[in-house]
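Working notes, structure below.
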Amino acid sequence: MNLRIGQGYDIHRLVRDRKFILGGVEIPSALGCDAHSDGDVLIHAIIDALLGAVSLGDIGSHFPPSDSRWKDADSSGLLRHVMGLLRDRGWEPVNLDTTVILETPRLRPHIDDIRLSLSRMTGIPFDAVSVKAKTKEKQDAVGEGRAVEALAAVLVTGN
Ligand code: MG
């Protein structure tokens, strides 16, 4: 069996008057992500992990911000597109482990909704999709509530 591992990272600024979408789930929040697309920082980190696992570049090379097609794009659609790229090449994800770092709101009540959403988008079994939440102990822009970060690691098998 051929195994590959990938890791991804993303950070978005938090601003007023934007929806806060994580892993395809809208989270009630006074602030949302300022971004070219819908600003789903978690899906963006996962896309980079998947592309990285199979050495297919990064999210910016597949969906350049300069391309108006991706303005306010639904990140779920981008993730599904990337899953197609992997499957076309004979790769299938095995498990996904992620961390979201933000000060507020508390993510715990939404974790299983996000896991289910990611499981549906990737085809990874729910039990093999992990979403963890951390704060930054009031340090730096994330700790001051001005940004949100996400980390992702994925294992893929195939070929
Ligand atoms: Mg991003």
Estimated inter-spin distance, E137 and R87, nm [label 7 Å along Cα→Cβ]: 4.3 nm
Between the alpha-carbon centers of segment 102-151 and segment 44-77, tell me the distance in whole angstrom. 19 Å
Helix-only [θ]222 nm of the chain, DSSP H runs n ≥ 4, -39500 (n - 2.57) each, per residue, nearest 500: -8500 deg cm²/dmol
What's the local net charge at G77, with K and R +1, D and E -1, over the other residues with C-beta under 12 Å away? -2
Note, E92: beta-carbon cut-off 15 Å, +1 each Lys/Arg, -1 each Asp/Glu, net +3
Quick one: grab the alpha carbon gyration tensor of the chain, order the square roots of its eigenvalues as a ≥ b ≥ c, and give me rounded if a/c is under 1.5, else prolate or oblate depending on whether a/b is larger than b/c. prolate
Report for the chain the percent antiparallel among DSSP-assigned beta bridges with both residues inside it, nearest 5. 80 percent
Using mean Cβ contacts within 10 Å as the protection proxy, how do 47-55, 90-98 order, highest first? 47-55, 90-98
Using a Förster distance of 35 Å, the FRET efficiency for L116-S66 (Cβ separation, nearest 0.05): 0.55
If each K or R counts +1 and each D or E counts -1, the residues other than G158 whose Cβ falls under 14 Å of its Cβ total +1
Whole-number percent relative contact order across segment 79-159, with pairs defined as alpha carbons under 8 Å at least 6 apart: 47 percent
Using the structure shown, list the pairs from K71/K136; K19/K71; K19/K134 with a Cα-Cα distance above 23 Å, or answer none. K71/K136
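Each reported figure results from applying straightforward, stated rules to the coordinates on display, with no laboratory input. Since the structure is predicted, the reported quantities are computational estimates derived from the model, not experimental observations. Don't worry about glycine lacking a Cβ; one is built from the backbone with ideal geometry, like all the others, and counts go over all protein chains shown.
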